[in-house]
Amino acid sequence: MTEMTDPASNPTDPASNPTDPPSNPTDPTAKPVDPAEELTELAAWQRPLRAQFPIIAAHPDLAYLDSAATSQKPRPVLDAVQTYLTTTNANAGRGSYPWANTTTALVENTRVRVKQFLGDPDPERSSVHFTSGTTAGLRMIALDWLPAFLADGDEIVVPHADHQANLSPWLEAAELLARQGVRVHVRQLPYQAGSGDYDPQALAALVGPRTRFVAATHVHHVYGVDMNVHRLRQVVGPEVPICLDAAQSVGHLPVSVAQLDVDFVVFSGHKTMALPGSGAVWARGRHGPVLRPGGWSGTPNTVGVAGLAAALDWLTAAGTDRIERWTVALTSLLTDGLARMDAYEVLGCRTSLRADTEVQRRRSLVTFRHREIGSQDLGFILFSRGFMVRSDGHCQAGRDAEDGSVRVSLHVHNTPEEIEELLTTLASLQ
């Protein structure tokens, strides 16, 4: 039996309560980082990186602003994929000839590479499993690991206003157990109404002795906020496993599993400058049974693994810390401009919009609505002016099709000039 409340009753849309205090203040004595100064300082670093994206260079008249849906691929990743396919393409773990041995080593070395990229403090104990993406990875944990960890009457806490992929698998697991006579109570991870961030105080009131598992998101795919997952560990204690959907953070900012103190990290390759159909689950192996994917282990996506290894190498060389600084500065320029236009409503924390804010800024994405033009129409208009954005409900759990909005999501290849041109276009539509 699954017990849950109505997602619509949870005040998860921060735009509905703009007067709430900010939830993510920085050091009040620190001077806010000026985004224009940040972009000027990093410009010489960013220009050669932008030049490494063939699809971007081939379309100078278009601005790709949909990296949260899928990322573009730099030349070294494309070259690595072509080199693999034309020199050592073979199956992994199923042959003794050199090509097969090289491919097997590629797969195992990439597992090590994922652990290094995530700052794994105990790589001998953890494991990495390759998947087709974040959704498949979350379902792997929900269906192949979680049921054996739960008993009748246990509780799990999961988000009801994040990406649908971080809700449906947990409900599916609870229904599976219910058919076996095991009742699992599904609780809603609470949010702060003014910011969209998780609410640690409300969570503390929700957690009890039967709380056995928490699912969370690192960076929200609509509001762009870092959800401060480290606060969840402080509330639930050291014995409750936490599973992190990192689809919008891995590749965009430094991700340290040691600092986050989580038990699972799941991310997609195609959002990390690797190929579609690739992704990974990192499992700490600290609580419960060992994660063993169900069913027979067939042929791995070896070309996807090759692309993922190259993407992680490229991101490491570029520096995810500088990628974060660049994209945060760009989003700050965008929100600052939108805040000055009455025709637009920016979703997320209202107190974080201005460039001089001391509140946590959005991580590489901004979602907004025009007060009169529908999101689909606005998306078509923007594309006619050379801007590729996403305009729909963004697969957000608990939202209907009429809750559409426009999402601008950025990466290292985007420029201040693209943001300025976008703002000029949006201003013309007021």
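Some points to look at:
- Cα gyration tensor shape of the chain, rounded if a/c is under 1.5, else prolate or oblate by comparing a/b with b/c: oblate
- About the Cα centre, charge dipole magnitude for the chain (Lys/Arg +1, Asp/Glu -1 at Cβ), debye: 1120 debye
- Selection among I141, L65, L118 by position relative to the dipole of segment 43-182 gives L65 as farthest towards the positive end (Cβ unit charges, Cα centre).
- Where the chain is the region considered: accessible area per residue in Å², 1.4 Å probe: 41 Å²
- Taking the helices alone, the chain has a mean residue ellipticity at 222 nm of -11000 deg cm²/dmol, built from -39,500 (n - 2.57) per DSSP H run of at least 4 residues and averaged over all its residues.
- Within the listed set Q376, Q180, Q396, the residue fluctuating most in the Gaussian network model of the chain (springs between alpha-carbon atoms under 10 angstrom) is Q180.
- Carbon plus sulfur fraction of accessible area for the chain, probe 1.4 Å, in percent: 53 percent
- For segment 212-258 versus segment 301-346, the spacing of their alpha-carbon centroids is 18 Å.
- 12 Å beta-carbon shell around D79, net charge (K/R +1, D/E -1): +1
- Gaussian network model of the chain, Cα within-10 Å springs - most flexible of V33, V114, V214: V33
- Comparing G386, G269, G137 in a Gaussian network model of the chain (Cα springs below 10 Å), the most mobile by mean-square fluctuation is G386.
- Peptides ranked, highest mean first, by Cβ atoms within 10 Å: ranges 163-172, 43-52: 163-172, 43-52
- Segment 102-196 - charge dipole about Cα centre, Lys and Arg +1 at Cβ, Asp and Glu -1, debye rounded to 20: 160 debye
- Peptide ranges 230-239, 190-199, 411-420 listed from the most packed, as the mean C-beta count within 10 angstrom indicates: 190-199, 411-420, 230-239
- Gyration tensor (alpha-carbon) shape descriptor, segment 244-316, a/c threshold 1.5: oblate
- Extension reserve of the R286-E172 stretch, reckoned as 0.36 nm per residue once the Cα distance is removed: 38.7 nm
- Placing +1 on the Cβ of every Lys and Arg and -1 on the Cβ of every Asp and Glu, with nothing else charged, gives segment 57-129 a dipole about its Cα centre of roughly 200 debye.
- Taking a ≥ b ≥ c as the square roots of the eigenvalues of the Cα gyration tensor, segment 128-224 is classed as oblate, since a/c reaches at least 1.5 and a/b does not exceed b/c.
The values are calculated or read from the model by the stated rules, or taken from the named source; none is laboratory data. Fair warning: this is a prediction, and the values are worked out from it, not measured in the lab. Every residue, glycine as well, gets a Cβ built from its backbone with ideal geometry; the counts of neighbours run over all protein chains shown. The protein model used for the area step is the full one, side chains on, heavy atoms only, and it has no ligands, DNA or RNA in it. Shrake-Rupley method; radii C 1.70, N 1.55, O 1.52, S 1.80 Å.
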